[in-house]
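Trainee: Mind having a look at this structure? Questions to follow.
The values are calculated or read from the model by the stated rules, or taken from the named source; none is laboratory data. Model, not experiment: these values are computed from the prediction. Here Cβ is always computed from backbone atoms with ideal geometry, including for glycine, and neighbour counts include all displayed protein chains.
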Amino acid sequence: MVEKDKAKDELIDELGILRKRITELEALEAEREEIEKTLREREERYRAIVSAFDGLVYICSEDNRIEFMNEELIKRTGYDATGELCYRVLHDRDSICPWCVNERVLKGETVRWEVQSPKDNRWYYIVNTPIYNSDGTVSKQAMILDITDRKEMEEALERSAEEIKRFAYSVSHDLKSPAAAIYGLTKRLHERYGDSLDEKGRRYCGQILRASLHVGALIEKINAYIEAKEVPLKAEEIDLREILQIIKDEFSPRLTIRQITWLEPETIPEIKADKLSMLRVFRNFVDNALKYGGEGLSEISIGYQANDDFHIFSVSDNGEGIRGGDYEGLFAAFRRNDTSKAMEGAGLGLAIVSEIAERHKGRVWAEPGKDQGATFFVSVSKDL
């Protein structure tokens with residue numbers, strides 16, 4: 001009887017273990033079904049993305065055989081080439097293409113590049129990414145976009161920019177001598193025959209002198225703008241205090257007459273930059289403050305701060321500020337706001353500063369003052 005009870009207990013224990021195992025298997029099956037469902041959903045999303053992609057997509061194995069082609073690529077090649085060597089199907093070659101990046105991708109690297117196909121002479125932008133398979137192998141996915149139209153537009157823009165540059169140089173050169181001649185002859189006329197002219201004649205002479213000076217200044221601005229865009233930077237260690245002293249001396253008569261206080265920070269480090277460019281930056285900022293600050297302008301303050309990547313300089317004033325709050329559009333070429341319409345100028349000064357900042361891997365911007373006036377900032381990369 002005892003043996004029967006013992007056997008019965010053992011059987012019950014085995015049944016319990018069996019039920020537990022069945023429960024575990026059912027849970028594993030449910031987990032497997034959930035994983036398969038997730039994989040199906042991801043595959044459906046992938047195929048939807050590939051179908052919506054306006055380009056060519058293919059996947060190839062480690063031995064360069066095509067595993068998948070999207071419909072666009074099938075249309076381009078004329079048939080589904082799954083299983084065939086990619087370089088034969090896509091490039092009519094008997095060996096791996098010299099520009100092939102499969103080896104890098106199969107090591108886990110994502111590679112983005114542009115290439116002009118020798119097959120049709122069109123330009124393509126390609127993104128190659130690794131795909132890790134469940135069996136431990138790695139495949140390469142290529143997503144290809146035809147960028148021939150973009151390339152042609154870029155080349156056309158480069159040609160146009162070069163033509164505009166040559167035109168600007170030609171115009172500035174051709175205008176400079178006549179402008180100087182007009183100014184010189186009018187000045188001589190005024191000096192020698194001014195007494196013979198009536199009031200209107202003398203007024204006309206004055207207007208011609210001012211207009212010819214304005215033309216000359218405009219030509220100089222155009223040349224400076226072109227130079228800011230085209231002339232190579234000469235990055236060297238420069239003492240900003242020397243730059244600021246030159247600027248202060250240059251504007252000293254105007255500062256003295258208008259009783260404007262000039263403020264500088266106690267410490268400014270030496271920085272690596274183009275000296276002539278930095279002179280132009282501060283000259284334009286200070287000149288703008290003097291031009292547009294109004295009669296209430298009484299202070300111009302130079303500021304300096306820095307972060308891990310940039311030196312940041314500022315020129316602040318307590319004048320009238322920017323009317324209408326148009327701080328973003330100030331740095332476009334030939335852009336002049338309501339504040340500047342009454343002033344002579346070409347609308348190129350701040351555009352020159354913007355070009356200089358960009359070539360120093362920085363940027364330029366402006367902000368309203370806390371109470372009044374405006375502050376102009378320029379950043380210069382520490383990595384030049």
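Trainee: Give me the pairs: first residue in segment 258-285 and under 17 Å from Phe377 (Cα atoms) and touching a residue at least 12 places away in the same chain (Cβ under 8 Å), second residue acidic (Asp, Glu) and outside any helix (DSSP H, G or I), beta-carbon distance under 7 Å, and six or more apart or on different chains, which are they?
Mentor: That search, which allows pairs on different chains as well, returns Leu263/Glu299.
Residue by residue, here is whether (1) more than 30 Å from Ser354 (Cβ to Cβ); (2) touching a strand residue (DSSP E or B) at 6+ places or on another chain (Cβ under 9 Å); (3) assigned to a helix (DSSP H, G or I); (4) modelled with pLDDT under 80 holds:
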site	(1), (2), (3), (4)
Lys140	yes, yes, no, no
Lys151	no, yes, yes, no
Ala179	no, no, yes, yes
Arg192	yes, no, yes, no
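Trainee: For the structure I just gave you, tell me whether Val50 is under 25 Å from Val101 (Cβ atoms), touching a strand residue (DSSP E or B) at 6+ places or on another chain (Cβ under 6 Å) and modelled with pLDDT under 80.
Mentor: Judged against the criteria, Val50 is a match.
Trainee: I'd like to check which strands (runs of 3 or more DSSP E) are fully inside segment 230-349 and have at least 2 residues that are within 24 Å of Gly362 (Cα to Cα) and modelled with pLDDT of 90 or more.
Mentor: 235-238, 271-274, 299-306, 310-317
Trainee: Could you please tell me which pairs satisfy a Cβ distance under 7 Å, a separation of 6+ or placement on different chains, a first residue in segment 138-163 that is more than 30 Å from Glu62 (Cβ to Cβ), and a second residue that is modelled with pLDDT of 85 or more?
Mentor: Taking only residues 6 or more apart or on different chains, the pairs are Thr148/Arg122; Thr148/Trp123; Lys151/Trp123.
Trainee: Another question, if that's okay. Considering only residues that are hydrophobic (A, V, I, L, M, F, W, C) and either over 25 Å from Asp383 (Cβ atoms) or surrounded by 16 or more Cβ atoms within 10 Å (Cβ to Cβ) (or both), which ones fall in segment 286-306?
Mentor: Kept after step one, since they are hydrophobic (A, V, I, L, M, F, W, C), are these residues of segment 286-306: 286, 289-290, 297, 300, 302, 306.
Listed by number, the residues that qualify are Val286, Ala289, Leu290, Leu297, Ile300, Ile302.
Trainee: Residues being β-branched (Val, Ile, Thr) and modelled with pLDDT under 80: count how many of those fall in segment 194-220.
Mentor: 2
Trainee: Which of the residues spanning segment 73-87 are surrounded by fewer than 17 Cβ atoms within 10 Å (Cβ to Cβ) and either within 38 Å of the chain's Cα centre (by Cα) or in the same structural domain as Glu44 (by TED's automatic domain parsing) (or both)?
Mentor: Correct list: Ile74, Lys75, Arg76, Thr77.
Trainee: Take Gly303 and decide whether it is in contact with a strand residue (DSSP E or B) (Cβ under 7 Å, 6 or more places away or on another chain) and among the small types (Gly, Ala, Ser).
Mentor: Yes, satisfied.
Trainee: Sort out which residues of segment 92-129 are among the polar types (S, T, N, Q) and not in a strand (DSSP E or B), and write them in order of number.
Mentor: Selection gives Ser95, Asn102, Thr110, Ser117, Asn121.
Trainee: While we're on this one: Report every pair of residues separated by at least 6 positions or lying on different chains whose Cβ atoms are under 6 Å apart, first residue within segment 67-84 and without any contact (Cβ under 8 Å) to a residue 12 or more places away in the chain, second in a helix (DSSP H, G or I).
Mentor: Asp80/Ile74
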